[in-house]
1. Starting with the highest mean, order 100-110, 133-143 by the number of other Cβ atoms within 10 Å, averaged over the residues of each peptide.
2. List the residues whose amide H sits under 5 Å from the amide H of residue 14, counting only those 5 or more places along or on another chain, with H placed 1.01 Å from N in the peptide plane.
3. Report ³J(HN,Hα) in whole Hz for each residue of the range 108-116, in order, from the Karplus equation J = 6.51 cos²θ - 1.76 cosθ + 1.60 where θ = phi - 60°; Gly and Pro get x.
4. Classify the chain as rounded, prolate or oblate, taking a ≥ b ≥ c as the square roots of the eigenvalues of its Cα gyration tensor: rounded when a/c is under 1.5, otherwise prolate if a/b is larger than b/c and oblate if not.
5. Do you know the Lys pair count in the chain for C-alpha distances under 30 Å, with sequence separation 8 or more or different chains?
6. Work out from phi, with θ = phi - 60° and the Karplus expression 6.51 cos²θ - 1.76 cosθ + 1.60, the ³J(HN,Hα) of each residue of the range 197-204, listed in order in whole Hz, and give x for Gly and Pro.
7. If you build a Gaussian network model of the chain, linking Cα atoms that sit under 10 Å apart, which residue out of 132, 156, 61 swings the most?
8. Please compute the net charge surrounding residue 41, taking Lys and Arg as +1 and Asp and Glu as -1 over other residues with Cβ under 12 Å from its Cβ.
Amino acid sequence: IVRRYYPEKIAEVKEKDPELARQLQAEQLGYFLDHFPEAGLLMYAEYRAQIEKTHDYDFEELLWGEVSEHLEVLQDHAYQLCKERVEWLRKHSLFQKAGDLARRMVKEFPDRPVEARETLGFMLIRQGKMAEADQVLKESRALAQDNDFQTIAMLENTLGQLMYLSGRWKEALTHYARGLRAATLAQDRAYMASVYLNRGFLYSMQGHYYNCLLYTSPSPRDRT
């Protein structure tokens, strides 16, 4: 049924009834996820790649409905699938849906308390829910391990963004300083660059142009 009936039926109705074809494709994906999870994941990835070209968001919603019901079966893949979909929704400016999924991640993945809350906090910022974002991100920061410098760099940088957008610029600079220290200890040059740019921009907004150049210009060593 899965390998013969569905492909034949989908091909038969694809031109006449695209909506029914999409429904059948989603059902077929569900059957694969039931019995052949790895094959189902490959199918899901292929459909998602197609959607990047077609922008058929309704189809994406149908597919996610099937994947969402199989998260327990998918186990090790479940968190990554949710995280990737949050990023996909954010990329396409579907912030409400991204926030709803991020909130679900906090509840369903208690073994990822820090990362899930950071994801939710970031999405709350994008929705303008600053007070809740502040609470969630500070909870995440409190749960982070003191020696997990890469995670701390990520959280402090996001907290800096929150404070900047909330008009609390002095606090933003404090978080950026902490983020830069953690990124340096983690030897994470990407986050170091991000914090440098964020601090430089904030200094420029305050008219401190010397500090802006200090934080956005490469050092003599970097120039070489």
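1. By packing density, highest mean first, the sequence is 133-143, 100-110.
2. none
3. Each residue's phi maps through the Karplus curve to give 8, 10, x, 7, 10, x, 6, 5, 5 Hz.
4. Working: a/c = 2.57, a/b = 2.27, b/c = 1.13.
Prolate, because a/c is 1.5 or more and a/b exceeds b/c.
5. Lysine pairs, 8 or more places apart or on different chains, close enough: 25.
6. 5, 5, 5, x, 5, 5, 4, 5
7. 61
8. So the surrounding residues net to -4.
The values are calculated or read from the model by the stated rules, or taken from the named source; none is laboratory data. All values derive from a computational prediction rather than experimental measurement. So basically every Cβ, Gly included, is an ideal-geometry build from the backbone, and we count neighbours across all protein chains shown. Calculation scope for accessible area: heavy atoms of the full protein, side chains included, ligands and nucleic acids excluded. Shrake-Rupley method; radii C 1.70, N 1.55, O 1.52, S 1.80 Å.
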